[in-house]
Amino acid sequence: MSDTQWQRSDAWVGATVEDSFVMINIDSGHYVSLNATADAVWRALETPRTSAEICDLLLAQFDVSPETCARSVSVALDTMRDRNLARPLQP
């Protein structure tokens, strides 16, 4: 896992709707619905964190192997980067 810290984009706001966390970009009007994993990663990014730090938080919340957690966090962060929900901080 990388030592790169990730940070949320400030352009997104959201709320829980039934079993999903629904978000809207206040600048563009685009919206997304986060599944449980992405929602947990988003919440972990309340402050900038590395993927390892996010995994540590999620491992304390969910019954999942460290390998599965690392893969899921990596996929979630990549997707969040692609959709401009979060970005890696530059050193």
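The values are calculated or read from the model by the stated rules, or taken from the named source; none is laboratory data. Computed from a prediction, not measured in an experiment: that's the story for all the values here. Every residue, glycine as well, gets a Cβ built from its backbone with ideal geometry; the counts of neighbours run over all protein chains shown.
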Could you tell me whether any residue of the stretch 15-23 is touching a Ser or Thr at 6+ places or on another chain (Cβ under 6 Å) and either outside any helix (DSSP H, G or I) or modelled with pLDDT of 95 or more (or both)?
-> yes
Residue check, Asp10 in a loop (DSSP other than H, G, I, E, B), out of contact with any helix residue (DSSP H, G or I) (no Cβ under 8 Å at 6 or more places or on another chain), modelled with pLDDT under 95 and closer than 19 Å to Pro88 by Cα | yes
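Residue by residue, here is whether (1) modelled with pLDDT under 95; (2) in contact with a helix residue (DSSP H, G or I) (Cβ under 6 Å, 6 or more places away or on another chain) holds:
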residue: Thr37; (1), (2): yes, yes
residue: Leu45; (1), (2): no, no
residue: Arg83; (1), (2): yes, no
residue: Pro91; (1), (2): yes, no
Give me the pairs, please: first residue somewhere in the stretch 1-25 and in contact (Cβ under 8 Å) with a residue 24 or more places away in the chain, second residue anywhere and outside any strand (DSSP E or B) and charged (D, E, K, R), beta-carbon distance under 6 Å, and either six or more positions apart or on two chains.
-> Ala11/Asp27
Go over the candidates Arg81, Arg87 one by one and state the one that is of a type in the set (Lys, Arg) and outside any strand (DSSP E or B).
-> Arg81
Could you tell me whether any residue of the stretch 43-54 is assigned to a strand (DSSP E or B) and charged (D, E, K, R)?
-> yes
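Residue-wise test of (1) surrounded by 12 or more Cβ atoms within 10 Å (Cβ to Cβ); (2) not small (Gly, Ala, Ser).
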| site | (1), (2) |
| --- | --- |
| Ile26 | no, yes |
| Ser33 | yes, no |
| Ala38 | yes, no |
| Glu46 | no, yes |
| Glu53 | yes, yes |
| Ala60 | no, no |
| Asp63 | no, yes |
Pair list, Cβ < 9 Å and 6+ apart or interchain, from the stretch 70-91 residues that are over 17 Å from Asp27 (Cβ atoms) and of a type outside the set (Ser, Thr, Tyr) to residues that are assigned to a loop (DSSP other than H, G, I, E, B) and modelled with pLDDT of 95 or more = Leu77/Leu45; Leu89/Pro48
Hey, could you check the stretch 24-42 for residues that are assigned to a helix (DSSP H, G or I) and β-branched (Val, Ile, Thr) and say which is farthest from the chain's Cα centre (by Cα)?
-> Thr37
